[in-house]
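Heads up, the thing below is written out as C-alpha cells.
Any read-out appearing in this document is the output of simple, stated calculations on the displayed coordinates, not a laboratory observation. Predicted model, so just to flag it, every value in this text is computed and none were measured. With ideal geometry, Cβ positions are generated from the backbone for all residues, glycine too; neighbour counts draw on all protein chains shown.
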Amino acid sequence: MDKIAIIGGTGMTSLRNLEIIRREMVQTPFGEPSGPLTHGVLCDVEVVFLARHGYGHTIPPHRVNYRANIWALHQVGVRTLIAVNAVGGITDSMTPARLVIPDQIIDYTWGRDNTFFEDGKSGVVHIDFTTPYCEQLRQVLLAADASVGLDLVPAATYAATQGPRLESAAEIDRLERDGCQVVGMTGMPEAALARELEICYASIAVVANWAAGRGEGAITMEDIEQNLAEGMQNARVLLEQAIPMLHAAPPA
Ligand code: HPA
C-alpha cells in the first residue's frame, strides 16, 4: 500500500493527534535521515512523520540530509509527501501566520547534495521540473481548505535560500524582482529529490515573519515563534482535513 508522509519543519517537530505505532531507524546509501521515521495513525489513516530538523530541532537547514530523508521515506513505501516549511512573507498578502501552497520555486541554495543521480551510473538524468510541486496534491490541499476555511494563499513562488542567516533587505528586493512571494531555507533540494524518486510532493508553507525589510525593524525569534505557533496549528487543521481525502482518492 502506498503511504502518505509528512515532513514537519520549524515549529512542527511532532503531530499532536498522531497515534504513534512505532519508530523506525532507516539506513540509506546517503547516510542517516534527520531521525527515526514515526509510523502512526492520523484521522484513521496510516501516515509516516519525519521532523526535518530532528526531533530536538538541532539540524540547521543547510545541514539537513535531504537525500537520506527522501530516500528513507521512499524505501518504506511513501508515494505522497506533504512538506511543511516555515517561510518569510515578501509580498503584501503573505501575512505572518498565513498558510501558502506554493506552485513554483526558484533555487538559490548552493553546496547541497541535490541529486540521487550524481555519479552518472544510471546515465545522465534530467528530471522534468516545469511544475515542481505535484499539482494533484496541491489541489487536494486547496480542496481541504474549502472545508476548513483557513483563507490560505493558493499559489506562490517560493525562493529557496541557503541560510542559516536570514536575508538582507536588498536580497529580498531582488527575490521580489525575480517573482518570488515567500522565502525559506528548506524547499530545495527536497522538492527535486522527491521528483527524482517520483514521489508526489507539495508544501504547506507557513509564514513565520515578514521577510527582511518588509516589516518594522529587525526580525526577532520571539515574533517568529509566536506566528509559527498560530500558523502551525492551522497547518495541523489542514493536514487533518486533507489526509483522509488523500487516503480516499490517492493522487495517480
Ligand atoms: N527567510 C528565509 N527563511 C525563513 C524566513 C525568512 O525570512 N522565515 C522563516 N524561514
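Counting only DSSP beta bridges with both residues in the chain, tell me the antiparallel percent, nearest 5. Don't skip to the answer; put the middle values down first.
On the way: 15 of 43 bridges.
If I count the DSSP bridges inside the chain, around 35 percent turn out antiparallel.
Given the options Val76, Val206, Val84, state which has the largest fluctuation in a GNM of the chain using a 10 Å cut-off (strictly under) for Cα springs.
Val76
Taking only DSSP H segments of four or more residues, each worth -39500 (n - 2.57), what value at 222 nm results for the chain once the sum is divided by all its residues, to the nearest 500 deg cm²/dmol?
-8500 deg cm²/dmol
Note down the net charge around Thr186, summing +1 for each Lys or Arg and -1 for each Asp or Glu among other residues with Cβ under 15 Å from its Cβ. Show your work: numbers first, answer last.
Values: positive: Arg52, Arg63, Arg67, Arg112, Arg165; negative: Asp107, Asp113, Glu167, Glu190.
Local net charge: +1.
Need the full-extension length gain, His126 to Glu19, defined as separation in residues times 0.36 nm minus the C-alpha distance. One decimal, nm.
Details: separation 107, 0.36 × 107 = 38.52 nm, distance 3.93 nm.
In short, 34.6 nm is gained.
Need one number: nm distance between label points at Asp92 and Glu32, each 7 Å from Cα along Cα→Cβ, rounded to one decimal.
4.9 nm
Based on the Kirkwood radius over alpha-carbon pairs, what value in µm²/s does the Stokes-Einstein equation return for the translational diffusion coefficient of the stretch 171-231 at 37 °C and 0.692 mPa s?
Diffusion coefficient, whole number: 242 µm²/s.
What shape does the stretch 54-144 take by its C-alpha gyration tensor, where a ≥ b ≥ c are the square roots of the eigenvalues and a/c under 1.5 counts as rounded, a/b above b/c as prolate, and the rest as oblate?
Numbers: a/c = 1.59, a/b = 1.40, b/c = 1.14.
Because a/c hits 1.5 or more and a/b exceeds b/c, the stretch 54-144 counts as prolate.
Among Ala202, Val153, Leu228, whose Cα lies farthest out toward the positive end of the dipole of the stretch 135-252, if unit charges sit on the beta carbon of Lys, Arg (+1) and Asp, Glu (-1)?
The listed residue farthest towards the positive side: Ala202.
What percent of all Cα-Cα pairs in the stretch 3-248 falls in each 10 Å bin, counting up from 0?
8, 34, 39, 17, 2, 0
Along the Cα→Cβ direction, 7 angstrom out, place labels at Thr58 and Leu150. What is the inter-label distance in nm?
Simple spin-label model gives 2.9 nm for this pair.
By residue number, which cysteines of the chain lack any other Cys whose Cβ falls under 4.7 Å from their Cβ?
Cys43, Cys180
Taking the highest mean first, how do the peptides 227-239, 24-36 order by number of other beta carbon atoms within 10 angstrom per residue?
227-239, 24-36
As I understand it, the dipole of the chain uses +1 on the Cβ of Lys and Arg and -1 on the Cβ of Asp and Glu, about the Cα centre. Which of Val237, Gln104, His74 lies farthest toward its positive end?
His74
Using +1 on the beta carbon of Lys and Arg, -1 on that of Asp and Glu, and nothing else charged, what's the dipole of the chain about the Cα centre, debye to 20? Kindly include the intermediate steps, with their values, before the conclusion.
Values: 18 positive and 30 negative charges, 96 e Å.
So the dipole magnitude of the chain works out to roughly 460 debye.
Dividing the alpha-carbon radius of gyration of the stretch 1-129 by 2.2 N^0.38 Å (N being the number of residues), what value is obtained?
1.14
Looking at the chain as a GNM with Cα springs under 10 Å, which of Ile224, Ile127, Ile82 has the largest mean-square fluctuation?
Checking each option, the largest mean-square fluctuation is seen for Ile127.
If packing is taken as the average count of other Cβ atoms within 10 Å, what order do 68-74, 14-20, 210-216 fall into, highest mean first? Don't skip to the answer; put the middle values down first.
Details: 68-74: 24.7, 14-20: 14.1, 210-216: 17.7.
Highest-to-lowest ranking by the protection proxy: 68-74, 210-216, 14-20.
State the Cα centre-to-centre distance between the stretch 92-160 and the stretch 1-22 in whole Å.
19 Å
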